[in-house]
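Read the figures in this text as sums done on the coordinates, not as results from a lab. Nothing here was measured: the structure is a model prediction, and the numbers come from that model. As a convention, Cβ positions derive from the backbone with ideal geometry for all residues, glycine included, and neighbour counts pool all protein chains shown.
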Amino acid sequence: MEAELKDLEDKIAQLVQLCARLRMENAYLRQQLANAQNENKLMTEKMTGAKDRLEALLDQIPEDEA
């Protein structure tokens, strides 16, 4: 009985350690996701700005009359 309780205690300790490690990993992954989403937003804004500038330049080019 004593050995079974010790085994159970060890398994519970391992489970607690695993939960703590997974919580830390989850927090890290959430931060990585937030960073990636922010970077994606910035890149989208840059692409939109570049597209707008390109369209403005294309509008300035006179069309050939054929």
**OP:** Would you work out which of Leu8, Gln32, Met47 lies farthest towards the positive end of the dipole of the chain? Charges go on Cβ: Lys and Arg +1, Asp and Glu -1.
**Re:** Leu8
Original post:
Which whole-Hz couplings ³J(HN,Hα) result when phi for each residue of the range 42-48 is put into the Karplus expression 6.51 cos²θ - 1.76 cosθ + 1.60, θ = phi - 60°, listed in order with x for Gly and Pro?
Top reply: 5, 5, 4, 5, 5, 5, 5
**OP:** Go through the range 12-24 residue by residue and turn each phi into a ³J(HN,Hα) via Karplus (6.51, -1.76, 1.60, θ = phi - 60°); whole Hz please, and just put x for glycine and proline.
**Re:** 5, 4, 5, 5, 5, 5, 4, 4, 5, 5, 5, 5, 5
Subject >> Leu58 paired with Thr44, simple spin-label distance in nm, labels 7 Å along Cα-to-beta-carbon >> reply: 2.2
